[in-house]
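Some notes on the structure that comes next.
The values are calculated or read from the model by the stated rules, or taken from the named source; none is laboratory data. Note that the coordinates shown come from a computational prediction; the quantities given were computed from them, not determined experimentally. Cβ coordinates were reconstructed from backbone atoms using ideal geometry, including for glycine residues, and neighbour counts include every protein chain displayed. Surface areas here come from the heavy atoms of the whole protein model, side chains and all, with no ligands, DNA or RNA. Shrake-Rupley method; radii C 1.70, N 1.55, O 1.52, S 1.80 Å.
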Amino acid sequence: MKQVSADIPLYLWESFIAVIEEKTLQKAADKLRTTQPTITRHLHQLEEALPLNLFELRGRTKVPTPFALQLHQKIRMRLQFLPEDIHQSLQQFAKSENVSLTIAGDLEVLKRFFCTVNFSGKLTLRESHTDDLKKELKDGRYDVIVNRGLVDTSLYICKKLFQEEFTLVVPKKFAKNKDLSDWKDRRSQFPMSLYSEDLVLSQELRGKMSVNFEVNDWTAIEAHVQKGLSWSIIPSSYVKKNSNYYSSPYSIRGAKMLTDFYIYYRRDLSRQIWFKDFLENIVEKSKSR
């Protein structure tokens, strides 16, 4: 007797069960949303893999053999538990504690959004600068990347995360009044402002008077202003209400300085239940700032 193939595809069994239960090829095709020739081909392939015939001709009608009827009962019983098996596997991998996620971005963005995010899986943060991030997006190197501006890539889904506005903050003891319109003319009279070369404003401020590139992040810069040590230009989200300084929107040649940040994530992540919750958490966090 011919050996039974161990590699019979599931779709062949599905077609076989549909024909037995629906009685005709056309009804079976309708149930499986396919065509009659496809069902016929599937039955032929299944019979090729089995040692006995599944159907016999009675007049002009094909009817299932006793072997087919017995096989139908056994196969149908096995397949009815398949959705439950799939559901159990989904439950296992739908939970964030079973996965790891690698996120890349500017250090400031990582601190702002991901250092305190509620995530029960393994979260790995990679600091990367803007120029490197563009290449890493095109290489598909990380699960999630937060980048300043748009990058053309087919590997990731892109959503706008937040828009950053910049604010000029000057300690009261250096400003004549709340009107900071003449700040640019008077800034050389103020103490040196401290910045990091890695921050977005470094190119804008480089070469201007009273700027020194030493401090690592926005939080440290804002703290200098709170203590009345120096003037600064910092993102609006970092400006806290404080009676020690005046603040004013910062602009370049009359236009507000706005920077758009986008979150990029691998396309397959969009199908994960745990990632949808994670992304929603991050987006909500960006709105609250």
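Quick look at the numbers
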{"item": "Flag for Thr40 being surrounded by 12 or more Cβ atoms within 10 Å (Cβ to Cβ), over 24 Å from Met77 (Cβ atoms) and at pLDDT 90 or above", "result": "yes"}
{"item": "Residues satisfying the stated conditions in the range 162-178, i.e. open to solvent by less than 20 Å² (accessible area, probe 1.4 Å) and part of a loop (DSSP other than H, G, I, E, B)", "result": "Ala175"}
{"item": "Selection status of Asp268, at pLDDT 85 or above, open to solvent by 40 Å² or more (accessible area, probe 1.4 Å) and not in a strand (DSSP E or B)", "result": "yes"}
{"item": "Selection count where residues are open to solvent by less than 80 Å² (accessible area, probe 1.4 Å) and either within 19 Å of Leu25 (Cα to Cα) or in contact with a His (Cβ under 6 Å, 6 or more places away or on another chain) (or both), scope the range 43-60", "result": "8"}
{"item": "The one condition in (1) in a helix (DSSP H, G or I); (2) more than 30 Å from Phe275 (Cα to Cα); (3) of a type in the set (D, E, K, R); (4) under 41 Å from the mean Cα position of the chain (by Cα) that Asp85 fails to fulfil", "result": "(2)"}
{"item": "Residue within the range 44-67 that is of a type in the set (D, E, K, R) and touching a residue at least 40 places away in the same chain (Cβ under 8 Å) present", "result": "no"}
{"item": "Filter result (more than 15 Å from the chain's Cα centre (by Cα), closer than 21 Å to Ser96 by Cβ and polar (S, T, N, Q)) within the range 119-161", "result": "Ser120"}
{"item": "Filter result (open to solvent by less than 90 Å² (accessible area, probe 1.4 Å) and over 23 Å from Lys240 (Cβ atoms)) within the range 179-191", "result": "Asp182, Arg186, Ser188"}
{"item": "Flag for Lys134 being assigned to a helix (DSSP H, G or I) and surrounded by 14 or more Cβ atoms within 10 Å (Cβ to Cβ)", "result": "yes"}
{"item": "Subset of the range 137-161 (residues that are open to solvent by 20 Å² or more (accessible area, probe 1.4 Å) and part of a strand (DSSP E or B))", "result": "Arg148, Ile157, Cys158, Lys159, Lys160"}
{"item": "Selected residue [under 30 Å from Asn281 (Cβ atoms), open to solvent by less than 100 Å² (accessible area, probe 1.4 Å), at pLDDT 90 or above and of a type outside the set (Ser, Thr, Tyr)] from Ala104, Ala68", "result": "Ala104"}
